[in-house]
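Each remark here refers to the structure printed beneath this line.
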Amino acid sequence: MRALVRATYAQRIEHGAAFDFDDGWQCRVQVLGEHLARVLFVREGRFREPRTWMVAPGSADVPWEGRPRQDLRGFAPPHVEVGESAAGFVLATGELRVAIRLDPFGIDWSGGAAPFARDRPTQAYQWSERESRLRHYLARPVAERYFGLGDKTGALDLQGRRLRTLALDALGYDAQRSDPLYKHWPFVLARTPAGACYGLFYDTLAPVTFDLGSEHDNYHGLYRYAEIEGGDLDYYLCAGPGVRDVVRQFTELTGRMAFGPRWSLGYANTAMSLADAPDAQAQLARFAEDLITHDIPCSAFHFGSGYTSIDKRRYVFTWNRHKFPAPRAAIERFRRQGIRTVVNLKPCLLDDHPAYAEVAVRDGFVRDAATGQPCIGQFWDGQGAHIDFTHPAGIAWWQGELRRQVLDYGIDAGWNDNNEYEIWDDDGSSAGFGTPIDIERSRPLHPLLMTRATAEAQAAHRPDERAFTVTRAGPPGIQRYAQTWSGDNTTSWHTLRWNIRMGLTMSLSGMFNTGHDVGGFAGPVPDPEMLVRWTQSGAFSPRFIMNSWKDGGETNTPWLHPAALHAVRDAIRLRYRLMPYLYTLFHAATQGEPIVRPLFYDFETDPECYADTDDFMCGASLLVASVVEPGQRRRKVYLPRGPRAWHDFWTGGTYAPGGTVTVDAPLSRIPLFVPAGAMIPLTDTLDFSRLHDEPSRRLDVFPPESVSRQSSTLYEDDGLSLRYRQGGCADVVFTMATTRTTIEIAARRSGDYAAGSRTIRVVLPASERRRLRLRGDGVELVAGRRRG
């Protein structure tokens with residue numbers, strides 16, 4: 001590879017400066033926000049990827065045909081001072097200083113006196129014309145930590161690993177070691193030894209390899225790099241200062257999380273064996289009856305792809321009428337129980353699909369540029385071609401069939417699956433809306449646009465409801481449309497443990513609406529204890545679903561093991577009791593706040609919170625201590641520094657912060673801890689018939705022992721419509737003032753959402769002896785029986 005070593009100042013450009021190299025290369029450095037900068041390399045004024053679909057600043061979405069790479073609309077650049085320095089040039093705002101060295105070329109980034117990030121001092125930028133590769137090297141401090149990169153496995157800190165963004169259908173992956181998995185997510189969040197945080201996002205759809213300290217070379221000191229295979233070197237730097245700041249800035253850059261309906265937060269179930277069965281419709285009816293028999297609240301059922309299958313071959317947008325003689329009746333059966341329905345969708349048409357010739361004639365498939373024919377590849381148990389979502393004909397066919405064969409039947413949502421686009425034809429080419437894109441640079445684009453096509457078709461079909469959809473694959477941007485998950489995991493205690501970290505890694509990467517297949521998708525049947533523990537942990541992920549594919553046809557359900565039923569049911573019911581709290585977090589996530597997050601997200605200055613752990617935060621008020629070992633009935637839990645105390649959610653017991661405690665972990669419940677000062681809204685009934693729409697409200701309060709003042713918010717709306725956008729929502733702001741003798745709690749309700757409970761029962765720990773005073777404005781607070 002050749003190095004870009006010596007640069008000369010070229011000119012002042014909008015919000016920055018440009019620098020020239022030999023061989024026609026130019027580097028453009030721009031400051032686009034108080035904490036956001038961009039570095040773009042271009043050769044002879046031409047881009048390999050002239051458009052982006054991932055960068056979406058502001059509230060507007062990206063055009064279907066992509067956003068011009070140099071388009072600066074949506075950004076709010078500050079005033080930038082450009083000046084010379086002894087080594088080169090400096091770009092400076094009130095918050096960020098970008099120092100550019102000309103020989104050897106490199107960039108130092110600082111928010112104060114000392115740089116928080118800097119390019120490697122030797123040959124920081126390299127390129128290879130023969131291999132179409134670009135590299136960006138940074139200096140790597142010994143104790144720097146790295147997070148992100150999407151659905152990566154293993155510990156949260158990725159230091160020392162070499163990882164790739166290429167997406168694969170990774171059925172049965174190892175949740176500790178496998179790479180790559182399903183998503184293309186070229187975003188790394190770094191935390192320096194001094195405590196500064198920053199993020200680097202490489203805006204390319206080409207495969208990227210990230211070496212985060214695996215490689216060593218004596219001539220260059222400690223370093224890390226990103227290597228782009230065939231794309232452009234165009235990266236954004238988000239300068240913290242903290243972890244939460246970087247995460248929020250990244251979601252503002254690539255688009256905020258879609259605000260789905262409240263029912264999507266409820267418990268859901270699916271299994272391949274049910275829809276694959278010869279008598280599938282009868283099997284699904286029995287499943288619905290079993291929910292009633294076993295008293296299991298359930299908000300959604302997800303149809304596996306078996307509704308489209310003949311033998312082992314699957315034909316998207318068809319119904320096997322032998323297995324489903326009356327599909328509308330099957331869907332109505334669920335609806336009568338208040339259960340929403342979601343169906344599996346696949347983007348590949350097998351070569352004997354009834355619509356194959358029609359789509360081919362309309363140029364709706366990804367094609368071989370050399371022959372002009374559809375790219376044919378392996379897909380499940382056959383050969384097929386993939387829909388081209390960069391061609392209007394492909395999009396139109398997909399949305400039309402989705403409406404006719406899915407939505408018109410009464411189904412609520414599509415589940416975009418098997419959409420990694422494993423097309424390995426060297427001549428594979430996507431239409432690119434009139435400007436062809438080779439498959440290597442468009443592979444991640446298709447799941448993004450597939451998901452968008454599904455979401456927009458659903459929104460058009462039910463214009464008064466929020467669209468909900470799911471995708472397994474895709475790049476940054478899928479969060480604008482869909483929920484996602486960690487893919488086809490394997491049943492084992494090992495997977496349960498490491499899936500927790502995968503969910504946190506996705507959250508730090510800007511994917512907040514995530515979860516895992518509870519009980520494990522592939523592999524053996526979970527034993528009773530494992531099913532209980534997985535359900536208890538999964539109840540705190542935004543996506544809460546049992547999904548399975550077992551060789552013997554078994555199905556992961558709450559009643560799979562009679563001995564486990566009671567504890568599994570209790571975990572599901574806890575999920576519904578916590579719905580007001582979770583829905584408030586769900587709404588906050590649309591503003592860039594993860595729902596589940598590692599301990600260091602909320603307690604960033606506590607060094608112990610960076611240790612590898614099975615624990616995580618669900619919002620700021622619940623520390624979840626998952627049990628991930630068989631037979632474990634006592635559990636060590638570290639309680640972070642910061643709060644004045646920690647409380648056991650179940651017993652009200654009090655613990656000092658900054659230490660490790662050993663607590664009971666009976667099979668009947670998961671250990672949960674609450675920081676002193678927290679106020680957690682719940683439903684106030686043991687009647688679960690209204691599922692996710694239960695209106696009653698209770699506030700569990702955990703007051704500090706000393707003088708303090710705390711506040712928290714409960715968000716309310718109808719959970720389904722778009723009226724919240726016009727003010728059809730309400731906030732209930734709680735404030736708590738404590739002294740050594742009194743606890744005063746006030747609530748003020750504001751907003752135009754008129755429905756919902758206007759009475760909230762306030763519950764204190766049984767050990768609390770201070771006098772309680774309650775005051776409400778627009779809502780009535782009443783004292784309830786003490787808990788614990």
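The values are calculated or read from the model by the stated rules, or taken from the named source; none is laboratory data. Remember, predicted model here, so these are calculated numbers, not experimental data. All Cβ positions, even for glycine, are placed from backbone atoms using ideal geometry, and neighbour counts span all protein chains on display. Heavy atoms of the whole protein, side chains included, go into the accessibility calculation; ligands, DNA and RNA do not. Shrake-Rupley method; radii C 1.70, N 1.55, O 1.52, S 1.80 Å.
Could you list, in sequence order, all residues of region 266-308 that are out of contact with any Ser or Thr (no Cβ under 9 Å at 6 or more places or on another chain) and among the polar types (S, T, N, Q)?
Selection gives Gln281, Thr293, Ser305.
Listed here are the residues, each with its yes/no results for (1) of a type in the set (Ser, Thr, Tyr); (2) more than 17 Å from the chain's Cα centre (by Cα).
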position: Leu205; (1), (2): no, yes
position: Val208; (1), (2): no, yes
position: Glu215; (1), (2): no, yes
position: Tyr219; (1), (2): yes, yes
position: Tyr225; (1), (2): yes, yes
position: Asp232; (1), (2): no, yes
position: Arg248; (1), (2): no, no
position: Phe259; (1), (2): no, no
position: Tyr267; (1), (2): yes, yes
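In region 355-370, what residues are touching a strand residue (DSSP E or B) at 6+ places or on another chain (Cβ under 7 Å), more than 30 Å from Leu284 (Cβ to Cβ) and either free of Cβ contacts under 8 Å to residues at least 24 places away in the same chain or in a loop (DSSP other than H, G, I, E, B) (or both)?
Hits for region 355-370 are Gly364, Val366, Ala369.
Given the conditions (1) free of Cβ contacts under 8 Å to residues at least 12 places away in the same chain; (2) surrounded by fewer than 19 Cβ atoms within 10 Å (Cβ to Cβ), report the number of the one that Val142 does not fulfil.
Tallying (1) free of Cβ contacts under 8 Å to residues at least 12 places away in the same chain; (2) surrounded by fewer than 19 Cβ atoms within 10 Å (Cβ to Cβ), Val142 fails exactly one: (1).
Could you tell me whether region 122-132 includes any residue that is in contact with a Gly (Cβ under 7 Å, 6 or more places away or on another chain) and surrounded by 21 or more Cβ atoms within 10 Å (Cβ to Cβ)?
Looking for residues that are in contact with a Gly (Cβ under 7 Å, 6 or more places away or on another chain) and surrounded by 21 or more Cβ atoms within 10 Å (Cβ to Cβ), one finds at least one in region 122-132, hence yes.
Of the numbered conditions (1) without any contact (Cβ under 8 Å) to a residue 24 or more places away in the chain; (2) in contact with a helix residue (DSSP H, G or I) (Cβ under 7 Å, 6 or more places away or on another chain), Gly266 satisfies every one except a single condition; which is it?
Unmet condition: (1).
Say we look at region 62-85 and pick out the residues that are among the acidic types (Asp, Glu) and modelled with pLDDT of 95 or more; which of these is most open to solvent (accessible area, probe 1.4 Å)?
Glu65
Please specify each residue of region 761-774 satisfying the condition of being open to solvent by less than 30 Å² (accessible area, probe 1.4 Å) and touching an Asp or Glu at 6+ places or on another chain (Cβ under 7 Å).
Val763
Taking the options Gln373, Gln378, name whichever one is without any contact (Cβ under 8 Å) to a residue 60 or more places away in the chain and closer than 26 Å to Pro180 by Cα.
Gln378
Kindly indicate whether Gly377 is touching a Lys or Arg at 6+ places or on another chain (Cβ under 8 Å), open to solvent by less than 50 Å² (accessible area, probe 1.4 Å) and either among the hydroxyl-bearing types (Ser, Thr, Tyr) or at pLDDT below 95 (or both).
When the stated conditions are applied, Gly377 does not pass them.
Of the numbered conditions (1) closer than 30 Å to Pro278 by Cβ; (2) surrounded by 20 or more Cβ atoms within 10 Å (Cβ to Cβ), Pro562 fails exactly one; give the number of that condition.
(2)
Return yes or no: is Trp127 outside any loop (DSSP other than H, G, I, E, B), in contact with a helix residue (DSSP H, G or I) (Cβ under 9 Å, 6 or more places away or on another chain) and modelled with pLDDT of 95 or more?
Spelling it out, Trp127 is indeed outside any loop (DSSP other than H, G, I, E, B), in contact with a helix residue (DSSP H, G or I) (Cβ under 9 Å, 6 or more places away or on another chain) and modelled with pLDDT of 95 or more.
How many of the residues making up region 277-288 are open to solvent by less than 40 Å² (accessible area, probe 1.4 Å) and assigned to a helix (DSSP H, G or I)?
6
Scan region 481-503 for residues that are open to solvent by less than 10 Å² (accessible area, probe 1.4 Å), small (Gly, Ala, Ser) and out of contact with any Leu (no Cβ under 9 Å at 6 or more places or on another chain) and jot them down.
Residue satisfying the conditions is Gly503 alone.
Taking the condition open to solvent by less than 20 Å² (accessible area, probe 1.4 Å), on the phi < 0 side of the Ramachandran plot and among the small types (Gly, Ala, Ser), does Ala37 pass?
Judged against the criteria, Ala37 is a match.
This table checks each residue for (1) modelled with pLDDT of 95 or more; (2) of a type in the set (Lys, Arg); (3) outside any loop (DSSP other than H, G, I, E, B).
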| residue | (1), (2), (3) |
| --- | --- |
| Ala460 | yes, no, yes |
| Gln479 | yes, no, yes |
| Ser486 | yes, no, no |
| Arg497 | yes, yes, yes |
| Met502 | yes, no, yes |
| Phe512 | yes, no, no |
| Asp517 | yes, no, yes |
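Considering each residue of region 150-183, count those that are in a loop (DSSP other than H, G, I, E, B), open to solvent by less than 10 Å² (accessible area, probe 1.4 Å), of a type outside the set (Gly, Ala, Ser) and in contact with an Asp or Glu (Cβ under 9 Å, 6 or more places away or on another chain), and give that number.
Going through region 150-183, the residues in a loop (DSSP other than H, G, I, E, B) turn out to be 150-161, 165-182.
Still in the list and also open to solvent by less than 10 Å² (accessible area, probe 1.4 Å): 150-154, 158, 165, 175, 181-182.
So of that shortlist, the ones also of a type outside the set (Gly, Ala, Ser) come out as 151-153, 158, 165, 181-182.
Checking which are in contact with an Asp or Glu (Cβ under 9 Å, 6 or more places away or on another chain) leaves us with 152-153, 181-182.
Looking only at that region, the number is 4.
Within region 433-486, can you find the residues that are among the hydrophobic types (A, V, I, L, M, F, W, C) and on the phi > 0 side of the Ramachandran plot? Outline the logic, then answer.
Initially, region 433-486 is screened for residues among the hydrophobic types (A, V, I, L, M, F, W, C), giving 433, 437, 439, 445, 448-450, 453, 455, 457, 459-460, 467-468, 470, 473, 478, 482, 485.
Residue satisfying the conditions is Phe433 alone.
Which residues, counting only those in region 463-480, are open to solvent by 20 Å² or more (accessible area, probe 1.4 Å) and out of contact with any Asp or Glu (no Cβ under 8 Å at 6 or more places or on another chain)?
Scanning region 463-480 gives Pro463, Asp464, Glu465.
One residue is enough: does region 263-276 have a residue meeting the conditions farther than 13 Å from Ile339 by Cα, out of contact with any Gly (no Cβ under 7 Å at 6 or more places or on another chain), of a type in the set (Gly, Ala, Ser) and part of a helix (DSSP H, G or I)? Full working, then the answer.
Start the filter on region 263-276 by keeping residues that are farther than 13 Å from Ile339 by Cα, which leaves 271-276.
Adding the requirement that they be out of contact with any Gly (no Cβ under 7 Å at 6 or more places or on another chain) leaves none.
Scanning region 263-276, I find no residue that is farther than 13 Å from Ile339 by Cα, out of contact with any Gly (no Cβ under 7 Å at 6 or more places or on another chain), of a type in the set (Gly, Ala, Ser) and part of a helix (DSSP H, G or I), so the answer is no.
Go through region 570-605 and give me each residue that's crowded, with 20+ Cβ neighbours inside 10 Å, over 24 Å from Pro643 (Cα atoms) and among the hydroxyl-bearing types (Ser, Thr, Tyr).
Tyr576
Of Asp777, Asp752, Asp687, which residue is open to solvent by 60 Å² or more (accessible area, probe 1.4 Å), out of contact with any Gly (no Cβ under 9 Å at 6 or more places or on another chain), under 30 Å from Arg335 (Cβ atoms) and among the acidic types (Asp, Glu)?
Residue meeting the stated conditions: Asp687.
I'm trying to understand the selection: among the residues of region 621-680, which are among the charged types (D, E, K, R), crowded, with 17+ Cβ neighbours inside 10 Å and in contact (Cβ under 8 Å) with a residue 40 or more places away in the chain? Quick ask: steps written out before the conclusion?
If we filter region 621-680 for residues that are among the charged types (D, E, K, R), which is where we start, we get 629, 633-636, 641, 644, 648, 664, 669.
Still in the list and also crowded, with 17+ Cβ neighbours inside 10 Å: 635, 648, 669.
Scanning region 621-680 gives a single hit, Arg669.
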